[in-house]
Amino acid sequence: MKKRVTGVMLRLLGSSLLMLGLTLTWPAPEAKANYLNDIYNGIQSFSELPGEVSKLQESYRKTAEELQQTKEDLGEAVDELGQTKEQLTDSLQQMQTYQSQNAALQEQNRQLSQVVDELKNDRTARENYFNRIKVTVISGIALLLGYFLLIRVLRFTMRYRSRRSDRLR
């Protein structure tokens, strides 16, 4: 068991030495000891801060103005949308009114068509009735004329025969 522990310790020691050797062979970063230069750069950065702050304030002001303009535009768009909605509602009501009026007019039109058809049928029936009466009257007159004509022709033929028979005797 001691052999195992010493073997492990040897390996650990070897690995540590190898790591130490590798770190020493790598170049170390250069150290800079310019404190004055760092202070100068800090002061310069600090002196540029008010300009950057004013730029940020200007940018903030512009963004706030743009936001306000966008809010106004959005308010106008909402107002226009409300007006459009009202107009659509009015148009919808008008359309419903027109549809109800159209339905009423169609019903009136149907009733008027029925009345017109009935009047046409009555007129046709009346014309047929007058035509029958006319035919009946004309037929009656023709029969009377025919009767009188037939009687005249029979009388004439009877007189003619009777004169003839009187001559023969």
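Annotation: TYR35 fulfils all but one of (1) modelled with pLDDT of 70 or more; (2) open to solvent by 100 Å² or more (accessible area, probe 1.4 Å); the unmet one is (1).
On the basis of being out of contact with any Gly (no Cβ under 7 Å at 6 or more places or on another chain) and modelled with pLDDT of 95 or more, does THR136 make the cut? Yes.
The values are calculated or read from the model by the stated rules, or taken from the named source; none is laboratory data. No experiment lies behind these values; they were computed from the predicted model shown. Using ideal geometry, Cβ is built from the backbone for each residue, glycine included, and neighbour counts are taken over all protein chains shown. Accessible surface areas use protein heavy atoms only, side chains included; no ligands, DNA or RNA. Shrake-Rupley method; radii C 1.70, N 1.55, O 1.52, S 1.80 Å.
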